[in-house]
Ligand SMILES: [Zn+2]
């Protein structure tokens, strides 16, 4: 799989440091979701574990590459969510046993005589005791041993861990780069551009939304939201409709929240504003946006979201009513 330009750039920087003997033993790959942090970590691990000369890309043919691809490389560990043996469910945190198993094997020298690599994804899911156990490994750097921590929320990691890592920071690339990459993924230009606007420049999100057909969902959602403001649609009816598909509820609220921000900023001609005029009281709109975001964060918890959302939509109508009658 080929890397996107912004991913390749970060990989090249890390590899240049490695070839110069300057790659720190702990790397924190951080930045927004869906920008390819894990893909870069995987590619970096592949190169570190390959037997080919350092200045070549991973060969894909040597014993190191074969073992890694088979998932049986003795010097490569991936720590990620595992099934809880008691409940049969996937854990939502990384636990101490996973890190303990690691520190045991890491104290031995590499079985194949090359690099030892541990990839932790998502590193911010380490619970407190697991993070403390990892800290011990971090405090004892060993030659040719690398820890690759992947995180979209590095602020959740203890400062003691963060301070011991070199950072590989990911950020949303420039628009031209993002559009070029979306084209390479087979998305026609006008749609790609529209999706990129909707995703506020984030190419990974734009690509995911295009593949899932979410632009149409966004359009419908914003029409319904505008319908509430104009008194055409009922707050409760729309709340029920949006909450009826739990998998999409968060996305719908995200579209609305982004549109509320665009509306507050009064971005002229932006499709996100759904033909609405900014309300007279932008401060109230900002407060409404905050409440909507709070509701979004609660979606995973079992609350009476329909009523909460219906209440917010009724408030939204009240907020816009003054504006619409003024016109
Ligand atoms: Zn190889």
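Laboratory data are not the source of any read-out in this text; all were calculated from the coordinates shown. These figures come from a predicted structure and were not determined experimentally. Every residue, glycine among them, receives a Cβ derived from its backbone with ideal geometry; neighbour counts consider all protein chains shown.
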Quantify how much of the Cα-Cα distance distribution of region 5-169 extends past 25 Å, in percent.
-> 28
Just how far, in whole angstrom, is region 1-30 from region 168-218 if you go by their alpha carbon centroids?
-> 24
Taking a ≥ b ≥ c as the square roots of the eigenvalues of the Cα gyration tensor of region 213-326, is the shape rounded (a/c under 1.5), prolate (a/b larger than b/c) or oblate?
-> prolate
Give me the angle, in degrees from 0 to 90, between the Cα long axis of helix 203-212 and the longest principal axis of the Cα atoms of the chain, rounded to the nearest 10.
-> 70
Cα→Cβ-extended label distance, 7 Å offset, between residue 297 and residue 85, nm | 3.6
Span per principal axis, largest first, for the Cα atoms of the chain (Å) | 75, 45, 32
Give the Cα extents of region 123-243 along the principal axes, in whole Å, largest first.
-> 64, 38, 19
Running Debye on region 39-105 with equal point scatterers at the Cα sites and no solvent, what base-10 log of I(q)/I(0) appears at q = 0.23 Å⁻¹?
-> -0.99
Decide, for region 76-176, between rounded, prolate and oblate: order the square roots of the alpha carbon gyration tensor eigenvalues as a ≥ b ≥ c, take rounded if a/c falls under 1.5, and otherwise choose prolate if a/b is larger than b/c, else oblate.
-> oblate
Taking 0.36 nm per residue of separation and subtracting the Cα-Cα distance, what length does fully extending residue 156 through residue 93 add?
-> 21.4 nm
Residue list for region 1-32, given a label point 7 angstrom along the Cα-to-Cβ vector of residue 56 and an amide N cut-off under 12 Å = none
Between the helical axis of 128-139 and the dominant principal axis of the chain, each derived from Cα atoms, what acute angle in degrees is found, rounded to the nearest 10?
-> 40
Model label zone, residue 277; criterion: amide N under 19 Å from point 7 Å along Cα-to-beta-carbon; scope region 219-233 | 226-232
